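The values are calculated or read from the model by the stated rules, or taken from the named source; none is laboratory data. If you're wondering where the values come from, they're calculated on a predicted model, not measured in any experiment. Note: ideal-geometry Cβ built from the backbone for every residue, glycine included; neighbour counts use all protein chains shown. Surface areas here come from the heavy atoms of the whole protein model, side chains and all, with no ligands, DNA or RNA. Shrake-Rupley method; radii C 1.70, N 1.55, O 1.52, S 1.80 Å.
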Amino acid sequence: MKAIITVLGKDTVGIMYNVSKILAELGVNIEDVTQTILQEYFTMLMVVKIDETKSTIADLQTALNEMGEEKGLSINVQKEEIFNAMHKI
């Protein structure tokens, strides 16, 4: 299953490392990523593929939320279909 991950927060060292480490531990492959820093704010959008034999979208959201709370980041995970439906004009 594909999902969209958004990460927002104050720029600090290790954000990309911490997010990608969790993804690797849960068997999630990064298919595309874009990131930028807007003034002092880090923003990232990822398209990922979840190996459902290794983890679920709920597992992913829980792990990323825990890390996000610890690091002061807002992290959201949505199924690709839901993301696309929400952003159609």
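Could you count how many Lys pairs in the chain have their Cα atoms under 27 Å apart, skipping same-chain pairs fewer than 8 positions apart?
Final tally of qualifying lysine pairs is 22.
Per residue, how much accessible area does the chain show when a 1.4 Å probe rolls over the protein heavy atoms, in square angstrom?
About 63 Å² of surface per residue is accessible.
Using the alpha carbons of the chain, what is the convex hull volume per residue in cubic angstrom, as a whole number?
Measuring per residue, one finds 90 Å³ for the Cα hull of the chain.
For the chain, what does the helix formula give at 222 nm: sum of -39500 (n - 2.57) over DSSP H segments with n ≥ 4, over the residue count, nearest 500 deg cm²/dmol?
Taken over the chain, the calculation gives -11000 deg cm²/dmol.
Please list the non-local residues whose amide H lies under 5 Å from the amide H of Asp11, H modeled 1.01 Å from N, same-chain partners needing a gap of 5 or more.
Amide H to amide H, under 5 Å and 5 or more residues apart or across chains, Asp11 pairs with Tyr41, Phe42.
Just the number, please: carbon plus sulfur as a percent of the accessible area of the chain, 1.4 Å probe, no ligands or DNA/RNA counted.
Solvent-exposed carbon and sulfur of the chain make up 53 percent of the total.
Scan the chain and report its longest stretch carrying no GluC sites (Glu not before Pro) that are both in a DSSP loop and have at most 13 other Cβ atoms within 10 Å.
Counting at most 13 other Cβ atoms within 10 Å as exposed, the longest clean stretch of the chain is 1-39.
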